[in-house]
C-alpha cells in the first residue's frame, strides 16, 4: 500500500484524441491547486490537478493497484527544503513534471528522493537533485535516461533545466 | 594531454573491489567529460574559466546553445557533476560499483555523441546566448 491522494485523471491518446474515459488514479497530486499539467509516456498522457508533492500532505488511501501505473516505485519523497526552493524560484511545475517523468521512464526504479543541493565547491550554485535508487544494468539505465531527456526536452523550459540534476544509486 | 584519457583511468578503477576506487572513478569520468568539452569549446574560441566557476559556465553554454542534443549533454554534465559531489564529499553515503560504471558509461556516451554535433551551429548558439548577457558583468549561468 502506498500513501497518496486520489484525484481524477483523464486519459488522452497520443494523437490528441480526447477520450471520455476517466479513472481515479493514485498520483502525487493534492486538491489545493487548480492548474493542470501533462504527464506523458509513449502510451498516454494524464492531465490532472497538481500536487504539493510533499509526503506529509498525502492522505493515506488504499490503492486500486490495477489502476496504478507507478507501482514499481516503492517509496517516494521530497525534501521540504527542495520544495521551498522550487516554490521561491517558481520551479514547482518543472519539479512535478520531472518527478513524474522519472517514474514513467525508469522502469526499475526502487526509490525516488528529491533533495536540495548546495554546491560545496561554489556556494552560489544551488539546485535540486533527483536521487534515483534503481536496480538494473548500467547500459539499460543509460538508455532509459536518454529516453527521459527526450521527453524532458518538450516539457521543461531550457532556462529551468540548469536547476535540476539526476543522480543514481545503482544496485 | 587528451582529456578522454581520464576515461581510461575511470575504467581501470572499476576493476578494483573497493568503494574508494569507485568513487575516484566517478570523479575521473566527470573530469574526462568536463575537460573534453572545455577543449572543444576553446577550439571554437569559447574560452571556459579555469576557476570553479568554469564548471557552471560550461554547463550554461551547453544548455544555452538551443541545440536539443547539446542541451541534453548540458543536463548530463550537470548530473555527472552532482554525482561527483556525492562521490567526493558525502562519505557517509554508500557508492556502489554499478553507480560508478553507469557514470563511466554516461561519460563515454557523451564523447561518442558530441563529435556529431554541428560545431558552427553550436558556436553560433553559444555566441547568441552570451550576447543576451552582454550587459551583465557576471558569467551567464
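Which peptide among A:85-92, B:117-124 comes first, and what is the full order, when sorted by highest mean count of other Cβ atoms within 10 Å?
Numbers: A:85-92: 16.2, B:117-124: 14.2.
Put in order of decreasing packing, that is A:85-92, B:117-124.
Using helices alone, what [θ] at 222 nm do you get for chain B, with -39,500 (n - 2.57) per DSSP H run of 4 or more residues, divided over all residues and rounded to the nearest 500? Mind dumping the intermediate values first?
Numbers: 6 runs with 98 residues, N = 141.
It comes out at -23000 deg cm²/dmol, rounded to the nearest 500.
Please compute the average number of Cβ atoms from other chains found within 10 Å of each residue's Cβ in peptide B:46-52. Walk me through the numbers on the way to the answer.
Working: counts 0, 0, 0, 0, 0, 2, 6.
For this peptide, the per-residue mean of nearby foreign Cβ atoms is 1.
Other chains near A:148-159: what is the mean number of their Cβ atoms within 10 Å of each residue's Cβ?
On the way: counts 2, 8, 2, 0, 3, 5, 1, 0, 2, 0, 9, 2.
Average neighbour count from other chains, rounded to a whole number: 3.
Which order do the peptides A:149-155, B:58-64 take when ranked by the mean count of other beta-carbon atoms within 10 Å per residue, highest first? Write out the running numbers ahead of the final one.
On the way: A:149-155: 16.6, B:58-64: 24.3.
Averaged packing, sorted descending, gives the order B:58-64, A:149-155.
Going by average Cβ density within 10 Å per residue, which order do the peptides B:74-84, A:114-124 take, highest to lowest? List each step's numbers first, then the result.
Working: B:74-84: 23.6, A:114-124: 15.5.
Answer by packing, highest mean first, reads B:74-84, A:114-124.
Read the figures in this text as sums done on the coordinates, not as results from a lab. What you see is a predicted model, and the numbers here were worked out from it, not measured in a lab. Here Cβ is always computed from backbone atoms with ideal geometry, including for glycine, and neighbour counts include all displayed protein chains.
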